[in-house]
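So the structure is just underneath, and the comments pick up after that.
The values are calculated or read from the model by the stated rules, or taken from the named source; none is laboratory data. Only a predicted model underlies this, so the values are computations on that prediction, with no experimental measurement involved. Virtual Cβ from ideal backbone geometry, glycine too; neighbours counted across all protein chains shown. Side chains are part of the model used for accessible areas, which takes the heavy atoms of the whole protein and leaves out ligands, DNA and RNA. Shrake-Rupley method; radii C 1.70, N 1.55, O 1.52, S 1.80 Å.
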Amino acid sequence: TRLWERRPKDDDFGEVRIAVGEQQLSMRLSPLSTKPVDDLEPLSAHALRRFVRAYSTVPDQPIGLYLRSWSRVLLRGDEEAVRSLVRAALCQLAVFHAPEDLWIALCVSDERRGEWEWAKWLPHTLHPQERDGAGPARMVASTFTDLEDLLGAEFTERAAFDPDELPGRDEPFTVIVVDGVTVPAGHRLDGPGARNTVVLDLSGALSWRPGRTTLRLDVRPGSVRLVRT
C-alpha cells in the first residue's frame, strides 16, 4: 500500500535510510541553575554531567540521507560495502518514488556491468521516449557521453544545482550511479552540478575535494562515516 507514496512536494521525497546510529533526543535536557562549580558537591555534580551526556542521545535510530540536498555523494572504502549501501538506497527509492517523478541512470564500466544487471528491471531506469529491440531503452551506459546522449536535451539543458527546486514530471529527480568510468575533465557534474540531479560516485570518477553540495562518506563493513575537511 505504500508503493510510490512519496511525491515531490513531500518532505521525505528523495530520502533514504543508510544506517542506524545515535540521534539527538527530541527533548532537550536542561539542568536547573546551580551554585558556582566551586560550591557544588563533586560527586553529585559529576553524576549530573554523566546523566545529561548519557541521555541526551538515543542509540540505534535510523540515519537518513536526504539526497536532494547534494549534487554529489562521493563514496570510498570497502567496494562490496559501498555497492551494498548504494544498492539498498536505490531499492528504497524505487519502492517509494514513482518512475515519472524519479529516474535512475547508471554509468558503469563493462567490467562492473554484472554488479548492476538487476537494475535494468526497475521501471525507473526505463527511458520515457527512447526504445530499442526489447522495448523502452534502459538508461544504462558505459561512458558519460553515451549516458548524456541517452538522457537527452531535457537533462543536458538543466540549470545549475539548486536544492530548493522541486522536481516533477517535467524534470524528474535524477539519480546517476557512476562505477568504474571516468568523467570528462571540467564536467559540470564535477562542478556546479545540475538541478534535480545527484551523482553517486563509487569509484573516484569525481574529484574528492570538499564542497558546499558535496557529501563524502567512508563505508566499511558495519560502518558509515562522514568525511569532514
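Counting only protein heavy atoms and using a 1.4 Å probe, what share of the accessible area of the stretch 32-127 belongs to carbon plus sulfur, as a whole percent?
Numbers: 3060 of 5310 Å².
Carbon and sulfur together cover 58 percent of it.
Of the labelled figures (1) 1.04; (2) 0.96; (3) 1.10, only one reflects Rg/Rh (Cα atoms, Kirkwood Rh) as derived from the coordinates, namely (3).
Restricting the count to DSSP beta bridges whose residues both fall in the chain, what percent are antiparallel, rounded to a multiple of 5? Please list the in-between numbers first.
Numbers: 15 of 39 bridges.
Looking only at bridges with both residues in the chain, the antiparallel portion is about 40 percent.
Of the GluC sites (Glu not before Pro) found in the stretch 1-75, those in coil by DSSP whose Cβ has at most 16 other Cβ atoms within 10 Å are GLU5.
What is the stretch 60-159 by shape, rounded, prolate or oblate, if you read a ≥ b ≥ c off the alpha carbon gyration tensor as root eigenvalues and call it rounded for a/c under 1.5, prolate for a/b larger than b/c, and oblate otherwise?
prolate
Given a cut-off of under 8 Å on Cα pairs at least six residues apart, what relative contact order in percent is computed for the chain?
Values: 372 pairs, mean separation 61.2, N = 229.
Computed value for the chain: 27 percent relative contact order.
Based on the mean of other Cβ atoms within 10 Å per residue, sort peptides 131-137, 216-222 so the most packed one is first. Intermediate values should be presented prior to the final figure.
On the way: 131-137: 10.1, 216-222: 15.3.
Taking the mean over residues of other Cβ atoms within 10 Å, the ranking is 216-222, 131-137.
With both residues required to sit in the stretch 146-229, DSSP beta bridges show an antiparallel share near 45%. If the chain linking GLN92 and ILE63 were pulled fully straight, counting 0.36 nm for each residue of separation and taking away their Cα-Cα distance, it would gain 9.1 nm.
Run the dipole for the chain about the Cα centre, Lys and Arg Cβ at +1, Asp and Glu Cβ at -1, nothing else charged, and hand back the magnitude in debye, nearest 20. Display every interim value, and only then the final one.
Values: 30 positive and 35 negative charges, 160 e Å.
Taking the Cα centre of the chain as origin, the dipole is about 760 debye.
Heavy atoms of the protein chains alone define the surface here; on that basis the stretch 75-162 has 46 Å² accessible area per residue at 1.4 Å probe size.
Using a 1.4 angstrom probe on the protein heavy atoms only, line up THR57, THR145 by accessible area, largest first.
Values: THR57 35, THR145 80 Å².
I get THR145, THR57, largest accessible area first.
Stretching the chain fully between ASP170 and SER56 yields a gain of 36.6 nm (0.36 nm per residue, less the alpha carbon separation). The charge dipole of the stretch 176-229, taken about its Cα centre with unit charges on the Cβ atoms of Lys, Arg (+1), Asp and Glu (-1) only, comes to about 280 debye. When all protein chains stay in place and ligands, DNA and RNA are ignored, the 1.4 Å accessible-area order of ILE63, ILE104, largest first, is ILE63, ILE104.
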